[in-house]
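To keep things clear, I will list the structure first and then write my remarks on it.
The values are calculated or read from the model by the stated rules, or taken from the named source; none is laboratory data. Given the structure is predicted, the values throughout are model-derived calculations rather than measurements. Here the Cβ positions follow ideal geometry from the backbone for every residue, glycine too, while neighbour counts run over all protein chains shown. Please note that ligands, DNA and RNA were not included when accessible areas were found on the heavy atoms of the full protein model with its side chains. Shrake-Rupley method; radii C 1.70, N 1.55, O 1.52, S 1.80 Å.
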Amino acid sequence: MKKEDLIIAPSILAGDFGHLADEAKKIEQAGADHIHIDIMDGHFVPNLTLGPKAVAAINRASDLFLDVHIMVYNPYDYIERLVEAGADRITFHFEATEEVEETLDYIRKCNVQAGLAFCPETSESMVTSYLDKCDLILLMTVKPGFGGQAFIEQMLQKIKFTRAALNQRGIVPRLLKESDKGSVFPIQVDGGINLETAKKCIDAGANDLVAGTYVFKEPSMKDAIQSLRNCI
């Protein structure tokens, strides 16, 4: 994988919710590729976070690609509002609905990218059924719902499995805009990402890193993001 195929997407969940616009600008100025926005409903995961209005506010503050990860039941019901708010990609959980294909198809019909996320306990065999129906696979490397958790090492095998399946089928990214980057289908990892775990994930085949605590706790977010890029 080339450096230009690596996406760094700081999670604004780790920022100051009282200053979302400022945090979005800081992420952009630090050289990130995307802003990762977590939406939780308090049911699919035991936490409540941001909603469509917050996505709209972040969209007004930054020109970066908005990578919206919804940890909610009935994800279909959120799509129109998130598209209107400025989401560039909507990623929902396989475990959250029985209408996986229908939801992926509807997101794509809204002319945004469709991502599909998998919790750590979900079998890797379920991933392969949807590789040609989505624009990103998100493999959670912690249990979804809260930031600051420890990375689950067993997920590295699932990353390797998914990358091998993508390579075998020759699946490439579906780019919707000239600003979309990358020639390698994105496998995103989210949870416990730091210098050590980022290197392991990249070696296993991931090329889209969601990093929250790591980039926000460092004195220089710009240096933290660059350090993740240097893992290749």
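Annotations
- Residues of region 127-154 satisfying the condition of being in contact with a helix residue (DSSP H, G or I) (Cβ under 8 Å, 6 or more places away or on another chain) and not charged (D, E, K, R): Val127, Thr128, Tyr130, Leu131, Cys134, Ile137, Leu139, Met140, Thr141, Gly147, Gly148, Phe151
- The residues in region 89-114 that are in contact (Cβ under 8 Å) with a residue 60 or more places away in the chain and out of contact with any helix residue (DSSP H, G or I) (no Cβ under 7 Å at 6 or more places or on another chain) can be counted, and the count is 3.
- Test result for Val142, outside any loop (DSSP other than H, G, I, E, B) and at pLDDT 95 or above: no
- Residue satisfying condition, being of a type in the set (Ser, Thr, Tyr), modelled with pLDDT of 95 or more and closer than 27 Å to Arg60 by Cα, within set Tyr106, Tyr130: Tyr106
- Taking first residues from region 11-40 that are on the phi > 0 side of the Ramachandran plot and partners that are assigned to a helix (DSSP H, G or I) and crowded, with 19+ Cβ neighbours inside 10 Å, the Cβ contacts under 9 Å between residues at least 6 apart in sequence or on separate chains come to Gly31/Met221; Gly31/Ile225.
- Residue check, Val215 crowded, with 22+ Cβ neighbours inside 10 Å and closer than 22 Å to Ile107 by Cα: no
- Within region 203-228, tally of residues that are at positive phi and among the polar types (S, T, N, Q): 0
- Filter result for Ala117 (in contact with a Pro (Cβ under 8 Å, 6 or more places away or on another chain), hydrophobic (A, V, I, L, M, F, W, C) and in contact (Cβ under 8 Å) with a residue 24 or more places away in the chain): yes
- Complete set of residues in region 140-154 that are in contact with a strand residue (DSSP E or B) (Cβ under 6 Å, 6 or more places away or on another chain) and hydrophobic (A, V, I, L, M, F, W, C): Met140
- Pairs, first part of a helix (DSSP H, G or I) in region 187-199, second modelled with pLDDT under 95 and surrounded by fewer than 24 Cβ atoms within 10 Å (Cβ to Cβ), C-beta under 6 Å, six or more apart: Ala198/Cys231; Lys199/Cys231
Rundown of residues vs (1) open to solvent by 10 Å² or more (accessible area, probe 1.4 Å); (2) of a type in the set (S, T, N, Q); (3) assigned to a helix (DSSP H, G or I); (4) at pLDDT 95 or above, yes/no style:
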{"site": "Phe146", "(1), (2), (3), (4)": "yes, no, no, no"}
{"site": "Glu153", "(1), (2), (3), (4)": "yes, no, no, yes"}
{"site": "Leu166", "(1), (2), (3), (4)": "no, no, yes, yes"}
{"site": "Pro173", "(1), (2), (3), (4)": "yes, no, no, no"}
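- Neighbours by Cβ (under 8 Å, 6+ apart or cross-chain): first from region 200-213, of a type in the set (Ser, Thr, Tyr); second crowded, with 24+ Cβ neighbours inside 10 Å: none
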